[in-house]
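What follows is calculated from the coordinates using simple rules that are stated; it is not laboratory data. Keep in mind that this is a model prediction, so the values were computed, not measured. Glycine also receives a Cβ, built like all others from the backbone with ideal geometry; neighbour counts cover every protein chain displayed.
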Amino acid sequence: MFRTRLEHRLVKVCSLARIPFIWVLVLFGIAFQIMSSGALRAQVPGAAGHEHLTEVACVDVRPGEKRPEFGCFNIGVVTGLHFSTAPVYWHLRTFPSRRAAEAAKSATGIVVEEDGRVWLSEFGPRNTAPRGGEAIAIVGPLQLPAAKSYAAVLSYAVMRPGDNSRVHTHPGPEAWYVLAGEQCLETPAGANRARAGGTMTVGPNIPMELNVTGTALRRAFALVIHDSAQERGTPSNWEPLGACSR
């Protein structure tokens, strides 16, 4: 009987001694879960703490070519443009199918498929719009410098809050239509902002830096119409003053 009681007490003491260790294991497990979930959140695109894209420049993408998740991509080009009147406007419309858009397109139009929709871009006077489809925006006026002929380059960008473009200029005007999120363009004249559904323009040969502001992913079309004899864009030595962060 004495030995049995002693053994019972020893078991009880050992059980009490194990309680703190069990709680240590529990707390360790909770801490591990918190750390793991935090790491997962950090890997979510657009979440706080992502590595910002800086000095972004739009790059050419061939049809069918896989492109990165974030960046700026040239998705349509038309050359040999001539305009009898100035200024020029960018007419942006959507169509239910690519076939319908192609049927409505002029010889100088651009048809692309982005954001789950089919888009037609046409360029000309404000009161000359393509037929059919749904009118989304008329962007302009775009003041063109003198040239024998022009090229129009349509780009599509997906960028996260905090991302920014390189400091650059274009030999012709640039225009934007913002699909989602917010953007801020800094030039020597100050900051210009646009949100989803909004448009923006800037004249030729003006140094600029585009910044993604707000908290949402920014998706947008950009259009540059420039002298066909010149490059679409070039880096600039101008230094922004941070007007978009004020």
For segment 140-246, Kirkwood radius (reciprocal of mean inverse C-alpha pair distance, Å): 14.0 Å
Label zone at Arg117, where the point sits 7 Å out along the Cα-to-Cβ direction: segment 131-148 residues whose backbone N lies under 18 Å: 131-140
Ascending count of other beta-carbon atoms within 10 Å, so fewest first, for Met159, Met200: Met200, Met159
Rounded to the nearest 20 debye, dipole of segment 59-245 from Cβ charges on Lys, Arg, Asp, Glu: 460 debye
Contact order normalised by residue count of segment 59-245, Cα under 8 Å, 6+ apart, percent: 23 percent
At q = 0.10, 0.15, 0.18 Å⁻¹, base-10 log of I(q)/I(0) for segment 59-245 (Debye sum, equal scatterers on each alpha carbon): -0.38, -0.88, -1.30
Burial ordering of Asp227, Asp60, fewest other beta-carbon atoms within 10 Å first: Asp60, Asp227
Spin-label proximity, Glu102 to segment 113-133 - amide N less than 13 Å from point 7 Å beyond Cα toward beta carbon: 113
Residues Glu102, Glu182, sorted so that the one with the fewest Cβ neighbours within 10 Å comes first: Glu102, Glu182
Gained length - Glu134 relative to Arg193, 0.36 nm times residue gap less alpha-carbon distance: 18.7 nm
Segment 81-144: mean projected area of Cα convex hull, nm²: 4.2 nm²
Under 5 Å, built H, 5+ apart or other chain: amide partners of Gly172: Asn205
